[in-house]
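Notes follow once the structure below has been shown.
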Amino acid sequence: MSDAVATQSSDEEVIAYELHGNCYLNITQRCTLRCDFCPKFNKTFEVQGYDLRLKHEPTVKQIIAAVGDVSRYQEIVFCGLGESTLRLEVMLAVAAQLKQRGAFIRLNTDGLASLVHGRDVTPALAGKVDALSISMNAQDEATYNRHCRPKKEYPGAYQAMLDFARQAKAFVPSVTLTAIDGLDGVDIEACRNIADELGVEFRRRELDVVG
Ligand code: SF4
């Protein structure tokens, strides 16, 4: 991307990267899911020309430094090749500091944070996250499990993700469920109907396009 600028730490890891006028934050490469369409499970950590492999998880201070001037961006988006909410306290601390500087904060997530942390974490997002983009990925549990392959220690992931979306509505101004068009067995219109029933937005995504 000719208009993209990566902000790298001293050992060349990409913590923040710029796309579409937004700043994307890559704060972990750990995940709860093992999606079959994910670049890292297809032997690459490269996304839109950025190598998102992390040798170390960055600190709050390093992430804030990597962002720099928030006024350069429309949105600051937690979205790397990992699940940011696995570092919930770090993610919230960064979001709070960037919000104080006037940033618009979006969290792209698998929606499994409450399942993983064993409590409803959606109240903690209030005042720190402006928009949530939650990967629904399928219209039913079987199709979700086939593509997203949740780890065995997290049964009921599909329903937990939908519950997370429903509960987050009270604390986050904009909640959107997403699904990827073109994945085998995924019915985009059925996914849209589920989002409608939950009273949240829906967005159809394209495979391998960050957003
Ligand atoms: S949640 Fe995202 S980063 Fe994690 S395995 Fe799935 S596609 Fe990859």
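The values are calculated or read from the model by the stated rules, or taken from the named source; none is laboratory data. Predicted model, so just to flag it, every value in this text is computed and none were measured. Note that each Cβ is placed from the backbone with ideal geometry, even for glycine, and that neighbours are counted across all protein chains shown. Please note that ligands, DNA and RNA were not included when accessible areas were found on the heavy atoms of the full protein model with its side chains. Shrake-Rupley method; radii C 1.70, N 1.55, O 1.52, S 1.80 Å.
For the stretch 114-154, trypsin sites (Lys or Arg not before Pro) meeting the loop criterion (DSSP other than H, G, I, E, B) and having at most 12 other Cβ atoms within 10 Å: R119, K152.
GNM on the chain, C-alpha springs below 10 Å: top fluctuator among S114, S133, S71? With Cα springs under 10 Å in the chain, the top fluctuation among S114, S133, S71 is at S71. Restricting attention to the stretch 6-206, close to 30% of DSSP beta bridges with both partner residues there are antiparallel. Since only T178, T143, G80 are under comparison, the one whose Cα sits farthest along the positive direction of the charge dipole of the chain, derived from C-beta charges on Lys, Arg, Asp and Glu, is G80. Only lysines eight or more places from K55 in sequence, or on another chain, were considered; those with a Cα closer than 27 Å are K40, K43, K151, K152.
Ignoring ligands, DNA and RNA, what percent of the 1.4 Å accessible area of the chain is carbon and sulfur? On the chain, the fraction of accessible area on carbon and sulfur atoms equals 47 percent. Most tightly packed first, judged by the mean number of other beta-carbon atoms within 10 Å of their residues, the peptides 192-204, 100-112 read 100-112, 192-204. Take the alpha-carbon centre of the stretch 71-87, take the same for the stretch 147-191, and report the distance between them in whole Å. After rounding, the separation between the Cα centres reads 18 Å.
Debye-formula intensities of the chain, expressed as log10 I(q)/I(0) at q = 0.11 Å⁻¹, are -0.48 (one equal scatterer per alpha-carbon, no solvent). If one takes the longest principal axis of the Cα atoms in the chain, at what angle in degrees, from 0 to 90 and to the nearest 10, does the Cα axis of helix 157-168 lie? The answer is roughly 70 degrees.
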